1. What shape does the stretch 1-134 have by the C-alpha gyration tensor, where a ≥ b ≥ c are the square roots of the eigenvalues, rounded means a/c under 1.5, and otherwise prolate means a/b greater than b/c and oblate the rest?
2. Accessible area per residue of the stretch 291-447 at 1.4 Å probe, in Å²?
3. Would you mind working out the magnitude of the charge dipole of the chain relative to its Cα centre, with +1 at each Lys and Arg C-beta and -1 at each Asp and Glu C-beta, to the nearest 20 Debye?
4. Which shape class applies to the stretch 354-440: rounded if a/c is under 1.5, otherwise prolate when a/b exceeds b/c and oblate if not, where a ≥ b ≥ c are the square roots of the Cα gyration tensor eigenvalues?
5. Loop only by DSSP, 14 or fewer other Cβ within 10 Å of the Cβ. Give me the trypsin sites (Lys or Arg not before Pro) in the stretch 419-470 that pass, ordered by residue number.
6. For each pair in 144/195; 219/401; 219/414; 47/110; 195/219; 414/449, compute the distance between the two Cα atoms and list the pairs where it is over 23 Å.
7. Averaged per residue, what accessible surface does the stretch 1-102 expose to a 1.4 Å probe, in Å²?
8. Going by accessible area, probe 1.4 Å, with all protein chains left in place, what is the ranking of 172, 369, 470, largest first?
Amino acid sequence: MSANTTVRKGVIVGGLSPHPPIIIPEVGGSELSRARPTVEGVTGLAKRFVAANPRTVVVVGPHGPVMRNSFVALGNQTVVGDLAEFGAPQVQVSLRTDTDLLAAIAAEAKDEGLSVTDFAERHGRGRTAEMDYATLVPLYYLDKAGYGGRVLLMSMAYTDLQACFSFGRVIHRAAAKAGFPVGVLASGDLSHRLKPGAPAGYDPRGAEFDRALIDALAKNDPEALLSLDPELIEAAGECGLRPVAIMFGAVTAAGLVPTVLSYEGPFGVGYGVVAFDAGSGGGESDREAQGEAQSAGTGGEHPLVALARRTIETYVRDGTVIRPPASPVGEGLPAAAGAFVSLHFHGNLRGCIGTIGPTRDTLNAEVVHNAIAAATEDPRFTAIHPSELADLEISVDVLGKPEPVADRVQLDPKRYGVIVERGPRRGLLLPDLDGVESVDQQISIAAQKAGLSPRDPGLKLYRFEVVRYH
């Protein structure tokens, strides 16, 4: 059983899928090879959804019934669809609707000041509703991967991006309160103006939009997506931004990890495939893709620092503790170790909390716990405010095993951290800190932190090495 299946409520998997019918083999035929990376990407995305085993997949698209200030759901008992209009009537999908989840989302949305409209209530409930092709295409790949759960088909609202993002967070909270494990899938193509002859004409800013959107997802950076230039959005001629914003709100609220599976624009339309899950990965190719996405998606941040940042941002904004990834998030990391998380704001220390040795089962869990503590529990500072998050500088120190020191000449404040101990009292100072230039200075500060005298002949000294990630 996949490690992801241990997460049993709330949003446990998410993703972005394009929806061109040409990526369906029965439609694309010989043209399918021109979009091979996309086909492989959506196939991999579907496998991740099935491995996560959600009770329900919420599919949010741009082409169903759309209202300006309300998110629309198909509350019919069953949803069906085929690709007859694209010459493939044999391609058919039929799935049951999760009306319990719809009710939970509608109630949570109301509390948030957002509106959900059940299209079936307004236009005759009936037993069956027809899905549009933009919904059917990603569901085709889910069906091929063996998905047998329920769905909830929803359409974006023509409202601002922040409201869409907030609605995604509503989906996560509603599912968590109801105890449902849920997937959220955004169906959307990116710019329709990537090259001359593209469906919506050509605009050189189309490629710029696609890069910005994929980069925001890869970095798990909601602010980058929500602050996209409206003129850039207009120039792109996109159809997927609002569904993506909804999905992004859900997966960031759940603390999921991004993996960019593919991006291309072979027909002048941008096709992006991005998965969000608990971070344990799948096969070798999935793990390699995840590593590449983490390396490319953190703007130079080590994945362990990116984990600390995601932890802090999620907790400060929502009060939610993310689930630590099951597998190490970087190469060469120990399975478990002590770790310190240090925070600086505009060059000034803003919080620092850590553990000398492992107190959690994994290093990831150690970092998640200590990141929250550094942001909210350091007694020298007030808790981090959401307005500080964008400028927060984070470092993570992974501690080696302490070793006893028989003589102070064995210490080096640039290379080694120091622990001073007498009886139950213990003080620690990390190595290579600004302003700490000598062994005596290092010992003195560590002793003061423990309420000890640095000249006490009974002090026991230990040294340790760290690996510091910025």
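The values are calculated or read from the model by the stated rules, or taken from the named source; none is laboratory data. Keep in mind it's a predicted model, so treat the numbers as computed, not measured. Cβ coordinates were reconstructed from backbone atoms using ideal geometry, including for glycine residues, and neighbour counts include every protein chain displayed. Heads up: the accessible areas ignore ligands, DNA and RNA and are worked out on the full protein's heavy atoms, side chains in. Shrake-Rupley method; radii C 1.70, N 1.55, O 1.52, S 1.80 Å.
1. Oblate.
2. With the other protein chains kept in place, the stretch 291-447 gives 46 Å² per residue.
3. About 1300 debye.
4. Judged from the Cα gyration tensor, the stretch 354-440 comes out prolate (a/c at least 1.5, a/b above b/c).
5. Those that pass, being in a loop and sparsely packed, are 455.
6. 144/195; 219/401; 219/414; 47/110; 195/219
7. That works out to 39 Å² for each residue.
8. 470, 369, 172
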